[in-house]
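The values are calculated or read from the model by the stated rules, or taken from the named source; none is laboratory data. Values in this document were obtained by computation on a predicted structure and should not be read as measured data. FYI the Cβ positions are ideal-geometry reconstructions off the backbone, even for glycines, and counts take in every protein chain you see. Heads up: the accessible areas ignore ligands, DNA and RNA and are worked out on the full protein's heavy atoms, side chains in. Shrake-Rupley method; radii C 1.70, N 1.55, O 1.52, S 1.80 Å.
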Amino acid sequence: KGRSHKDRRVACSPFDAQRNKEIPTVPALFHHKTWTVKTHEALGAANDHEKIKELFPNCYGKPRISFEPASSLALLEHQKQPSLSQQQEPILRVGCVLSGGQAPG
């Protein structure tokens, strides 16, 4: 009682012990405080267009986007705009569809 979770001994396999030592790689983009969003041409499915469009009616055919660190010029333009208390930043909803077969593990 009264001990933190770090004090508890937990039995784990050698695989789990090695995996727990790993430090995940963080994409470089996450080291930046501000990003810009770039839109790109929408891509369709390789096969079964209608079936996939039916499964994802709200996002199929929408443009692709990518995130990039904001340039110095973009930061200056952003700073010239009214503060967030005066102007609400739009909420960006992003969906990700992963495919390519069964994942390992």
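Things worth noting here:
- Every test in (1) modelled with pLDDT of 80 or more; (2) surrounded by 10 or more Cβ atoms within 10 Å (Cβ to Cβ) is passed by Ile23 save one, and that test is (2).
- Scanning the stretch 10-44 for residues that are without any contact (Cβ under 8 Å) to a residue 12 or more places away in the chain and either within 19 Å of Arg93 (Cα to Cα) or not in a helix (DSSP H, G or I) (or both) yields a count of 12.
- Identity of the residue in the stretch 46-61, within 24 Å of Leu92 (Cβ to Cβ) and not charged (D, E, K, R), that ends up most open to solvent (accessible area, probe 1.4 Å): Asn58
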